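Asker: Here it is, the structure in full.
The values are calculated or read from the model by the stated rules, or taken from the named source; none is laboratory data. Note that the coordinates shown come from a computational prediction; the quantities given were computed from them, not determined experimentally. No Cβ is skipped: glycine too gets one built from the backbone with ideal geometry, and neighbour counts run over all protein chains shown. Just the protein is used for accessible areas: all its heavy atoms, side chains included, with ligands, DNA and RNA removed. Shrake-Rupley method; radii C 1.70, N 1.55, O 1.52, S 1.80 Å.
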Amino acid sequence: MLPIERIKPVMNLATNSRQLQLSALLELGKRYESGQQFAEAIDLYRGWLTSWPNEDSSLLIWYEFGRLLQKTGEHAKAENAFRSALEKKHDFHQASLALGMALESQGKIDEAIAIWQAAIPPQALQVDLLKNIARLLEQSHRVEETEQVLIDSLKLNNLQEEVITTLVQQRQKLCRWPVISTEINVPESLQRDCIGPLASLALFDDPAINLAAAKRFLEAKSFIKTAGLLSERGQLYPKHDRIRVGFLSADFRLHATSIFFVSLIEKLDREKFEVYALDVTTTPDPFVGMRQRLLKAVDHHLELQSLNDLEAATLIRDAEIDVLIDMSGLTAGARPNIVAYRPAPLQISYIGFLASCGIPTIDYIMTTRDLFPARAKKGFTEKPLYLPGMYFTLDAERAPTQTLSRKDCNLPEEAIVYCALLNSFKITPDIFACWMRILKGVPDSVLWLVEENPTTRKNLESHAEKQGIDPGRLRFSQRVHPDAYRQRLALADLFLDTSPYGNGATAHDAVLANLPILTKPGKTMMSRVAAHIMTSVGVGDLVAPDLEQYEKMAIELGHDKGRLAAYRQTIQESRHSSPLFDSNKFVKEFGDTILHAVKEIKTTQPT
């Protein structure tokens, strides 16, 4: 690198010399950038381009100018810079990649995809472009297109672990069975090694396997940061009048988890606790009511979306949060690095990810003894923190007011309607085969499913036909607002839970619709939620010990409408007696459990 005294004069040359040495200009720009002097670097390039915008050498300057503008958040100006570079050289592939990023940053998703698809780069860069195309398609829920782009990328390089992880997830969503397959031209052993945390929960009923998947995911993403922890475990702030509790979530919006924790945040004892929303929510929410309700309920709202992980963790530390409750885990939008920096002396996982996150700085996972049997401990890095009763509560006031009929939903009026209105990735070949045997055992029945996309529907109908079931006995509905969803659930006779990835928020809605749930709990927390709910509302005999009994019970119930009606009545009456609907009791127990954890972690600190 040139000495600074030789480089500084370049600044003057940038505006008055056509003979400026390009290498010297770029050298000074890099020097400014390495010193975090982004404004100076941008001014340097802008000055040169203002004088000589049409020089052949301006190609690289336009690119560097755009790159710095993008880095500093000037996405629209960066877009113009990259377009100028591409005007000089249409196959400048790095500029195409960067232009797509600038468009994405402005929410111009379709334009970004079009730019990347139009590029014809060398293989190495083509792989990057395909990965970016797939990422945006996945975010746009264009599952079939995502799958094809991922396959195209693996044809160029079949050892891309991140691409394999995403493709396995797409195959789950599409019910493309077997999920692990030689047809994608990737060694099956590598596919298994690349299974992500959520995919693992749907494939394996084993907390230890799920933990291994979480750890691989964190390592691949370089998420775990152990250097420079921001606080000491258990060293709470002594001068606070109330314990400062921060709820870290990417879902301060209408979401499956928010319906569980909103009343908790509203009712947590403010004489003992000061409540912070640690907000990393980035997903747009067309239903603003829940977000408004959540943020109104907290005492303080820390918006962390625009901060990097260390900056966000530092802000939490500076707010002197005593207890951080992570409600995202490893789900979409989660920021595990924030927790990994340990911004709070006591950190607890709750509700968002019902498995181990594998992050050493999370001290506890809040659970119940029926959700977390003793044998599960080997599959967790967190210590179980047991609530004495319920894991969450339901709001009986959200029960549906029936306005729909079966005819409105293309359902037969007199038939038994088995319901599995749930995310398709939870459906495994074993569970689906069991469902088909249930339909055979109850000839006048139908199975009601969500139509995620045309490909998933086609695959499920094909699987049914191969097992001797008329595809017409599968009935499909589109996704709807939760209120309308609960109205639909009220039309069914029996909800069929999945395993090992069971249903939580969906089970919540089923109970509010008085719809009994048949479930087969396994070894994981995620597989045991519906059993937790059914037991609490007085219908624990709907909890099957194994898949064989699950099938037998579903068939028996399909021939006994009176028994199904009795279950429905029991669920309805439980609203006046079940702890599932006693939010005041639950919130007190939740607060007491936090106080217990505070006391325990203080007493276990090394002297």
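Asker: Exactly one condition in (1) of a type in the set (Asp, Glu); (2) loosely packed, with under 14 Cβ neighbours inside 10 Å; (3) in a helix (DSSP H, G or I) is not met by GLU461; state its number.
Answerer: (2)
Asker: Taking the range 562-584 on its own, how many of its residues are surrounded by 14 or more Cβ atoms within 10 Å (Cβ to Cβ), over 31 Å from the mean Cα position of the chain (by Cα) and of a type in the set (Ser, Thr, Tyr)?
Answerer: Summing the residues that are surrounded by 14 or more Cβ atoms within 10 Å (Cβ to Cβ), over 31 Å from the mean Cα position of the chain (by Cα) and of a type in the set (Ser, Thr, Tyr) in the range 562-584 gives 3.
Asker: On to the next question. Take the range 540-552 and flag every residue that is under 20 Å from ALA513 (Cα atoms) and part of a helix (DSSP H, G or I). If you could, list the steps in order and put the result at the bottom.
Answerer: Going residue by residue through the range 540-552, those that are under 20 Å from ALA513 (Cα atoms) are 540-543.
Correct list: GLY540, ASP541, LEU542.
Asker: Can you pull out every residue in the range 64-90 that is open to solvent by less than 20 Å² (accessible area, probe 1.4 Å) and either among the small types (Gly, Ala, Ser) or in a loop (DSSP other than H, G, I, E, B) (or both)?
Answerer: Residues satisfying the conditions are GLY66, ALA78, ALA81, ALA85.
Asker: Another question, then. Can we say LEU371 is open to solvent by less than 50 Å² (accessible area, probe 1.4 Å), touching a residue at least 60 places away in the same chain (Cβ under 8 Å) and assigned to a strand (DSSP E or B)?
Answerer: Details: open to solvent by less than 50 Å² (accessible area, probe 1.4 Å): yes; touching a residue at least 60 places away in the same chain (Cβ under 8 Å): yes; assigned to a strand (DSSP E or B): no.
Considered against the rule, which asks whether it is open to solvent by less than 50 Å² (accessible area, probe 1.4 Å), touching a residue at least 60 places away in the same chain (Cβ under 8 Å) and assigned to a strand (DSSP E or B), LEU371 comes out as no.
Asker: Tell me, please, whether a residue that is out of contact with any His (no Cβ under 8 Å at 6 or more places or on another chain), of a type in the set (Asp, Glu), part of a helix (DSSP H, G or I) and closer than 22 Å to ALA492 by Cβ can be found in the range 587-604. Steps first, please.
Answerer: From the range 587-604, those out of contact with any His (no Cβ under 8 Å at 6 or more places or on another chain) are 587-604; that's our starting set.
Still in the running and of a type in the set (Asp, Glu): 589, 592, 600.
After this cut, where a residue has to be part of a helix (DSSP H, G or I) as well, the list is 589, 592, 600.
With closer than 22 Å to ALA492 by Cβ added as a condition, the list becomes none.
For the range 587-604, residues out of contact with any His (no Cβ under 8 Å at 6 or more places or on another chain), of a type in the set (Asp, Glu), part of a helix (DSSP H, G or I) and closer than 22 Å to ALA492 by Cβ: absent.
Asker: Still on this structure, please answer the following. For the range 331-353, how many residues meet the condition of being more than 15 Å from LEU278 (Cα to Cα), surrounded by fewer than 24 Cβ atoms within 10 Å (Cβ to Cβ) and in contact with a Gly (Cβ under 8 Å, 6 or more places away or on another chain)?
Answerer: 1
Asker: Can you work out which of the residues in the range 413-452 that are among the charged types (D, E, K, R) and over 31 Å from the mean Cα position of the chain (by Cα) is nearest to PHE204 (Cα to Cα)?
Answerer: ARG437
Asker: Residues in the range 303-324: is at least one under 25 Å from LEU201 (Cβ atoms) and of a type in the set (Asp, Glu)? Can you show your working first?
Answerer: Restricting attention to the range 303-324, the residues satisfying the condition of being under 25 Å from LEU201 (Cβ atoms) are 309, 324.
Then keep just the ones that are of a type in the set (Asp, Glu); that gives 309.
Yes, the range 303-324 has at least one match.
Asker: Looking at (1) without any contact (Cβ under 8 Å) to a residue 60 or more places away in the chain; (2) within 24 Å of VAL245 (Cα to Cα); (3) surrounded by 18 or more Cβ atoms within 10 Å (Cβ to Cβ), which is the one condition that is false for VAL587?
Answerer: Looking at each condition in turn, VAL587 falls short on (1).
Asker: Being open to solvent by less than 30 Å² (accessible area, probe 1.4 Å) and either under 30 Å from VAL480 (Cα atoms) or among the β-branched types (Val, Ile, Thr) (or both): is that true of ALA420 here? Give the steps one after another, and end with the answer.
Answerer: Working: open to solvent by less than 30 Å² (accessible area, probe 1.4 Å): yes; either under 30 Å from VAL480 (Cα atoms) or among the β-branched types (Val, Ile, Thr) (or both): yes.
Judged against the criteria, ALA420 is a match.
Quick grid of which residues meet (1) assigned to a strand (DSSP E or B); (2) under 26 Å from GLU551 (Cα atoms):
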site: ALA334; (1), (2): no, no
site: GLY358; (1), (2): no, no
site: LEU394; (1), (2): no, no
site: PRO412; (1), (2): no, yes
site: CYS419; (1), (2): yes, yes
site: ILE431; (1), (2): no, yes
site: CYS434; (1), (2): no, yes
site: PRO443; (1), (2): no, yes
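Asker: ASP483 passes all but one of (1) more than 22 Å from LEU439 (Cβ to Cβ); (2) open to solvent by less than 20 Å² (accessible area, probe 1.4 Å); (3) of a type in the set (Asp, Glu); which number fails?
Answerer: So ASP483 meets the others, but not (2).
Asker: Continuing with the same structure: Among what's in the range 91-115 and is on the phi < 0 side of the Ramachandran plot and not in a helix (DSSP H, G or I), pick the residue that is surrounded by the fewest Cβ atoms within 10 Å (Cβ to Cβ).
Answerer: Here is the first cut: in the range 91-115, the ones on the phi < 0 side of the Ramachandran plot are 91-106, 108-115.
Pick out the ones that are also not in a helix (DSSP H, G or I) and you get 91-92, 106, 108.
On the way: ASP91: 11, PHE92: 21, GLN106: 13, LYS108: 17.
My answer is ASP91.
Asker: In the range 230-280, what residues are within 21 Å of the chain's Cα centre (by Cα), under 16 Å from LEU315 (Cα atoms) and among the β-branched types (Val, Ile, Thr)?
Answerer: VAL280
Asker: Just the residues that are open to solvent by less than 50 Å² (accessible area, probe 1.4 Å) and more than 15 Å from ARG486 (Cβ to Cβ), please, taken from the range 381-404.
Answerer: Listed by number, the residues that qualify are GLU382, PRO384, LEU385, LEU387, GLY389, MET390, TYR391, PHE392, THR393.
Residues checked against (1) in a loop (DSSP other than H, G, I, E, B); (2) free of Cβ contacts under 8 Å to residues at least 40 places away in the same chain; (3) open to solvent by less than 10 Å² (accessible area, probe 1.4 Å):
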{"position": "SER499", "(1), (2), (3)": "yes, no, no"}
{"position": "ASN503", "(1), (2), (3)": "yes, no, yes"}
{"position": "HIS508", "(1), (2), (3)": "no, no, yes"}
{"position": "LEU515", "(1), (2), (3)": "yes, no, yes"}
{"position": "LYS523", "(1), (2), (3)": "yes, no, no"}
{"position": "MET526", "(1), (2), (3)": "yes, no, no"}
{"position": "MET534", "(1), (2), (3)": "no, yes, yes"}
{"position": "GLY538", "(1), (2), (3)": "yes, no, no"}
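Asker: Still on this structure: Please indicate, with yes or no, whether at least one residue in the range 187-204 is touching a residue at least 12 places away in the same chain (Cβ under 8 Å), open to solvent by less than 50 Å² (accessible area, probe 1.4 Å), under 30 Å from ALA340 (Cα atoms) and in contact with a Pro (Cβ under 8 Å, 6 or more places away or on another chain).
Answerer: yes
Asker: Now, a different point. Is it the case, given these coordinates, that ASP370 is of a type in the set (Asp, Glu) and at pLDDT 95 or above?
Answerer: Values: of a type in the set (Asp, Glu): yes; at pLDDT 95 or above: yes.
Yes, satisfied.
Asker: Let me ask another. Mind checking which residues of the range 146-180 are of a type in the set (D, E, K, R), within 17 Å of PHE432 (Cα to Cα) and buried (at least 21 other Cβ atoms within 10 Å of the Cβ)? Step through it out loud before you land on a result.
Answerer: Start the filter on the range 146-180 by keeping residues that are of a type in the set (D, E, K, R), which leaves 147, 152, 155, 161-162, 171, 173, 176.
Pick out the ones that are also within 17 Å of PHE432 (Cα to Cα) and you get 171, 173, 176.
Across the range 146-180, the qualifying residues are ARG171, LYS173.
Asker: Continuing with this model, one more query. With under 26 Å from the mean Cα position of the chain (by Cα) and either under 30 Å from ASN459 (Cα atoms) or free of Cβ contacts under 8 Å to residues at least 60 places away in the same chain (or both) as the only criterion, which of ILE151, ILE115 stands out? Please lay out each step first, then the result.
Answerer: Numbers: ILE115 fails: under 26 Å from the mean Cα position of the chain (by Cα).
Step by step, each of ILE151, ILE115 is checked, and only ILE151 is under 26 Å from the mean Cα position of the chain (by Cα) and either under 30 Å from ASN459 (Cα atoms) or free of Cβ contacts under 8 Å to residues at least 60 places away in the same chain (or both).
Asker: In the range 36-54, how many residues are at pLDDT below 80 and open to solvent by less than 70 Å² (accessible area, probe 1.4 Å)? Reasoning before the result, please.
Answerer: Of the residues in the range 36-54, the ones at pLDDT below 80 are 51-54.
Going one step further and asking which of them are open to solvent by less than 70 Å² (accessible area, probe 1.4 Å), we end up with 51-53.
Total satisfying the criteria: 3.
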